[in-house]
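One structure is given below, encoded as structure tokens.
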Amino acid sequence: MDLRLRTQLQQSLNAVYPEEGCALIIGHRLNVKQWLVDWIWPCCNVWQKNDSEMFSDLDHTDEFGVVAGRRTRFAVDPREQLAAQIWARHQQMSIFGVAHSHPNGEATPSRYDLDWGLVDSIFLIQSKDGHQRAWWLDQNRDVVEILICQDVSSFQ
């Protein structure tokens with residue numbers, strides 16, 4: 001992901017602080033282990049308090065006992081997701097990941113991320129200090145950190 005896209009992502013995630021920001025990662029696959037990020041699609045966080053009912057097996061408070069809300073959870077607006085999917089297909093690209101911020105935490109997956117993240121996809125997390133890390137969630141819900149490279153030439 002080039003510096004321009006990283007900066008765009010950081011700015012869009014920071015814009016909604018103190019809530020979690022979210023965006024879709026769009027691009028194309030170079031080979032089995034490499035993807036090229038061509039586009040960042042910022043999205044609205046539409047998490048609602050009653051969304052917690054869908055996730056009844058999770059603890060709905062943060063480390064300070066505050067009930068989960070947009071400061072600790074995110075949900076991508078499905079209308080934006082559909083629009084991004086249609087646009088990406090017209091560009092011969094695909095959505096292959098989701099980015100979101102942990103405005104009061106680290107750039108590591110939360111239990112919620114691991115339990116509810118989309119398998120076989122990338123999720124990029126931005127910490128409270130703006131550090132970005134990317135993760136691959138496999139079919140077994142095991143997570144592996146992956147590299148975020150500035151450009152494709154670093155692989156050739």
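The values are calculated or read from the model by the stated rules, or taken from the named source; none is laboratory data. Please read all numbers here as calculations on a predicted model, not as lab measurements. Quick reminder, even Gly has a Cβ in these numbers, built from the backbone with ideal geometry, and neighbours come from all protein chains shown.
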*Identify all residues within the range 122-144 that are surrounded by 11 or more Cβ atoms within 10 Å (Cβ to Cβ) and not in a loop (DSSP other than H, G, I, E, B); write none if there are none.*
122, 123, 124, 125, 126, 132, 133, 134, 135, 136, 137, 143
*How do the pairs read when you match residues in the range 131-145 that are farther than 16 Å from residue 1 by Cα with residues anywhere that are exposed (fewer than 11 other Cβ atoms within 10 Å of the Cβ) and of a type in the set (D, E, K, R), using Cβ under 8 Å and keeping only pairs 6 or more apart or on different chains?*
137/120; 138/120; 139/120
*Does at least one position in the range 20-39 carry a residue that is outside any helix (DSSP H, G or I), basic (Lys, Arg) and either touching a Pro at 6+ places or on another chain (Cβ under 6 Å) or at pLDDT 95 or above (or both)?*
no
*Applying the selection to the range 87-136, what residues are of a type in the set (Asp, Glu) and closer than 20 Å to residue 43 by Cα?*
113
*Which of the residues belonging to the range 122-156 are of a type in the set (Ser, Thr, Tyr) and modelled with pLDDT of 90 or more?*
127
